[in-house]
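The values are calculated or read from the model by the stated rules, or taken from the named source; none is laboratory data. Keep in mind that what you see is a predicted model, and the values were worked out from it rather than measured. Reconstructed Cβ throughout: ideal geometry from the backbone, glycine too, with neighbour counts over all protein chains shown. Quick note on the areas: whole protein, heavy atoms, side chains included, nothing else; ligands and nucleic acids left out. Shrake-Rupley method; radii C 1.70, N 1.55, O 1.52, S 1.80 Å.
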Amino acid sequence: MQTTSIKTRLLTEISAHLINEHYCHIPGFSELISYQQEEVETFKRQWDNLVLDQNFKNYTHRERRILRYHYHPGAANPLQINLDNAYQSSVTYDIEYQKGANQLSYAEQTFIDHPMMQRIIATDIGILGKNLVTGCHYSIDIHQFRVKAFSGKESPTTSGIHQDGQDWIFMHFIQGHNIEPVISEVHLTENEAPPLLQTTMGRFLETLAINDRQLYHRAGNVRQFSPEIAAFRDLLLVTFRQHTE
């Protein structure tokens with residue numbers, strides 16, 4: 001584990017890279033937080049009871065739950081839970097899916113209360129630092145994703161090169177099982193072109209952070225390594241969006 005001074009320096013370096021380049025790949029994100037190995041195992045198990053995403057079932061086999069917060073930097077109690085499970089994206093995707101509000105299953109209490117989850121939120125907020133303006137109101141939406149592939153069929157991870165209508169997105173890798181490498185990319189535009197970054201995330205909490213207003217991203221399909229065994233890839237997505245009202 002890193003000492004406090006080293007963690008502070010790493011946070012400063014990561015934050016500067018994210019602000020200057022509009023994205024940052026953080027292979028050692030787990031080194032920024034303190035935890036016991038038992039906590040890692042119980043945290044990973046929080047992905048075992050997700051619910052099929054009905055709005056996207058014709059496009060991919062993706063299971064998910066949502067956890068939401070209102071965040072007010074500088075307030076006495078800046079983080080307040082938001083129990084609204086109707087997720088309405090501000091963008092549309094050029095794929096086969098059901099548009100409009102998505103009535104998602106809310107996160108289980110064991111996930112909400114898990115110390116790993118609380119430390120991840122705090123670290124993401126710490127990385128954004130002063131870019132989260134005191135006195136403003138932000139929505140923090142946290143998605144648990146499990147993309148499955150079985151019977152020889154591939155399951156798309158994302159809807160191609162896209163933006164999600166957020167300000168900042170943190171993509172935290174949790175685990176994979178029987179999967180071929182899934183390549184994550186960061187792009188300057190929505191057009192096919194050599195990416196700014198191309199990487200395969202495989203470490204627990206390996207993270208890709210991106211300014212979703214400035215850049216685009218995508219990830220490859222989930223494919224089985226062994227055709228006899230079902231495959232899955234678990235991801236934790238944490239997004240920040242400032243309210244304009």
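Mark the label point 7 Å from the Cα of V51 along Cα→Cβ and return the residues of region 105-122 whose backbone N is within less than 20 Å of it.
Flagged as within label range: 105-114.
Could you give the dipole magnitude of region 102-245 about its Cα centre, charging the beta-carbon of Lys and Arg +1 and that of Asp and Glu -1, in debye to the nearest 20? Let's see the in-between values first.
Numbers: 11 positive and 16 negative charges, 36 e Å.
The calculated dipole for region 102-245 is roughly 180 debye.
Thinking of region 84-150 as a set of Cα atoms, what percent of all their pairs are more than 13 Å apart?
Details: 1711 of 2211 pairs.
The answer is 77 percent, as a whole percent.
Running a GNM on the chain with Cα contacts under 10 Å, which residue among T123, T199, T134 ends up with the highest mean-square fluctuation?
Looking only at T123, T199, T134, the largest GNM fluctuation is found for T134.
Could you tell me how many degrees, from 0 to 90 and to the nearest 10, lie between the Cα long axis of helix 4-21 and the main elongation axis, the longest principal axis, of the Cα atoms of the chain?
The two axes meet at around 70 degrees.
Nearest 20 debye, what's the magnitude of the dipole of region 97-148 about its Cα centre given +1 on Lys and Arg Cβ and -1 on Asp and Glu Cβ? Intermediate values should be presented prior to the final figure.
Numbers: 5 positive and 4 negative charges, 42 e Å.
About 200 debye.
Once you put a point 7 Å from the Cα of Q109 and another 7 Å from the Cα of F225, both along the Cβ direction, what distance in nm separates them?
Roughly 3.8 nm, to one decimal.
Taking a probe of 1.4 angstrom, what is the accessible area of S105 in Å², to the nearest 10?
40
Set Lys and Arg Cβ to +1 and Asp and Glu Cβ to -1, take the dipole of region 1-98 about its Cα centre, and tell me which of A16, I6, Q80 lies farthest positive.
Q80
When a/c is below 1.5 the answer is rounded, else prolate if a/b is larger than b/c, else oblate, so apply that to region 14-59 with a ≥ b ≥ c taken from the square roots of the Cα gyration tensor eigenvalues.
Numbers: a/c = 4.71, a/b = 1.26, b/c = 3.74.
Cα axes put region 14-59 in the oblate bin.
Once Lys and Arg get +1 and Asp and Glu get -1 on their Cβ, which of T244, A107, H217 lies farthest toward the positive end of the dipole of the chain?
Sorting the options by dipole projection puts first A107.
Rank A149, A107, A122 by mean-square fluctuation in a GNM of the chain with C-alpha springs under 10 angstrom and give only the top-ranked residue.
A122
Can you put K153, K148 in order of accessible area, largest first, using a 1.4 Å probe?
On the way: K153 145, K148 55 Å².
Most to least solvent-accessible, the answer reads K153, K148.
Report, in debye and to the nearest 20, how large the dipole of the chain comes out about its Cα centre when Lys and Arg carry +1 and Asp and Glu carry -1 on their Cβ.
140
On a C-alpha basis, how far is the centre of region 135-174 from the centre of region 1-44 in Å? Whole number, if you could?
20
Hey, could you pull the Cα Rg and Dmax for region 118-245, both in Å?
For region 118-245, the Cα radius of gyration and maximum Cα-Cα distance read 15.7, 54 Å.
Can you give me the P(r) profile for region 28-164? Cα pairs, bins 10 angstrom wide beginning at 0, each as a whole percent.
10, 34, 36, 18, 2, 0
Please list 3J(HN,Hα) in residue order for region 213-228, calculated via the Karplus relation 6.51 cos²θ - 1.76 cosθ + 1.60 where θ = phi - 60°; whole Hz, with x for glycine and proline.
So the Karplus estimates, Gly and Pro as x, are 7, 9, 10, 10, 8, 7, 9, x, 6, 8, 10, 6, 7, 9, x, 8 Hz.
What distance in nm lies between label points placed 7 Å from Cα along the C-beta direction at Y59 and N77?
Rounded to a tenth, the inter-label distance reads 3.7 nm.
Can you give me the Kirkwood hydrodynamic radius for the chain, using every pair of distinct Cα atoms, in Å to one decimal?
Values: mean 1/r = 0.0539 Å⁻¹.
Mean inverse Cα-Cα distance, inverted, gives 18.5 Å.
Kindly report, to the nearest 10 Å², the accessible surface of R213 as traced by a 1.4 Å probe over protein heavy atoms only.
130
Hand me the trypsin sites (Lys or Arg not before Pro) from region 1-97 located in a DSSP loop with no more than 13 other Cβ atoms within 10 Å, in residue order please. Numbers along the way, then the final one.
On the way: sites: K7, R9, K44, R45, K57, R62, R64, R65, R68; in loops: K57.
Of the trypsin sites (Lys or Arg not before Pro), the ones in loops of region 1-97 whose Cβ has at most 13 other Cβ atoms within 10 Å are K57.
Would you mind computing, in nm to one decimal, how far apart the modelled labels at E154 and L11 are, each placed 7 Å from Cα along Cα→Cβ?
4.0
Under 8 Å for C-alpha pairs, at least 6 residues apart: give me the relative contact order for region 34-132, rounded to a whole percent.
On the way: 98 pairs, mean separation 27.4, N = 99.
Answer for region 34-132 is 28 percent.
Consider a paramagnetic label point 7 Å from the Cα of K99 along Cα→Cβ; state which residues of region 41-65 have an amide N under 15 Å from it.
Counting backbone N atoms under 15 Å from the label point, the list is 56.
Can you tell me the length gained on complete extension of the stretch Q88 to E39, counting 0.36 nm per residue apart and subtracting the Cα distance?
This chain segment gains 14.4 nm when fully extended.
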